[in-house]
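The values are calculated or read from the model by the stated rules, or taken from the named source; none is laboratory data. Note that the structure is predicted; figures quoted are calculated from it, not measured. Every residue, glycine among them, receives a Cβ derived from its backbone with ideal geometry; neighbour counts consider all protein chains shown. Protein only, heavy atoms only, side chains kept; ligands, DNA and RNA dropped before computing areas. Shrake-Rupley method; radii C 1.70, N 1.55, O 1.52, S 1.80 Å.
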Amino acid sequence: MSTNAEAVAVTETRLIHAFHRRATTLLFEAALRPSVPLSALAELREFLVKNLRHHHETEDHQLWPMIAAVAPKAAAPLAALSEEHDELDAALDALEAVPIREDGDRPGLQQAAEAVCALVHRHLEHEEPLLFPALREHISPDEWTAFSGAVVATSPTEAAHLVVGFLDQVGTPEEVELVLSGLPKPAQQFVPAMRAQAHAALAVLSGDTEG
């Protein structure tokens, strides 16, 4: 397997994980920030719930079987990671159930977001030492391209611009360009507009500007 292809798989995965860490932390931090509009909190929550579920479902149903097929000893550790996905699903259900409205429960939202954040951070600490070597050793360039393309094709469309904004926060310009190069060609023309929209939204969520 070429070093270049290995770098693509690991780089893409590392950046996606980094933005999940950042996004879950941001919702937790923003929940009680008075300057953050409820609409911004609702958008980030929906984005997170849908994207985290999609991410671990593609791992459970596509990537884990691909790895286990050529590395049977990895099957049990991967199954343990899927059990953590089930735990995360329950936390996402609780997060999704918190009302976000004028008389809504901001402390309750922060609590639920904190639980998701803690689970995501802990889970990735368990997953990455297993997954990164597996990507290098067991997934061919063609397999990764096919898997990554399927993930992009089925990704949630809600607040998709936030993907670009979070990637900009956690990756170098070269790394971000690498990840976004996997978008369908027609979609790539919208990246500059998505970037501008995302940076404005994240500034509001971070308290860097008045909403």
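Just a few scattered comments:
- Hey, residue 61 open to solvent by 50 Å² or more (accessible area, probe 1.4 Å), within 24 Å of residue 148 (Cα to Cα) and assigned to a helix (DSSP H, G or I) or not: yes
- Listed here are the helices (runs of 4 or more DSSP H) enclosed by the range 142-211 that have at least 1 residues being exposed (fewer than 15 other Cβ atoms within 10 Å of the Cβ) and among the basic types (Lys, Arg): 185-188.
- Residue 33 of a type outside the set (Ser, Thr, Tyr) and open to solvent by 50 Å² or more (accessible area, probe 1.4 Å): yes
- Any hit, the range 104-112, residues being under 20 Å from residue 47 (Cβ atoms) and either polar (S, T, N, Q) or touching a Phe, Trp or Tyr at 6+ places or on another chain (Cβ under 7 Å) (or both): yes
- From the options 122, 106, 101, residue that is over 21 Å from residue 37 (Cα atoms) and open to solvent by 50 Å² or more (accessible area, probe 1.4 Å): 122
- Within the range 11-49, tally of residues that are over 18 Å from residue 159 (Cβ atoms), among the β-branched types (Val, Ile, Thr) and modelled with pLDDT of 95 or more: 1
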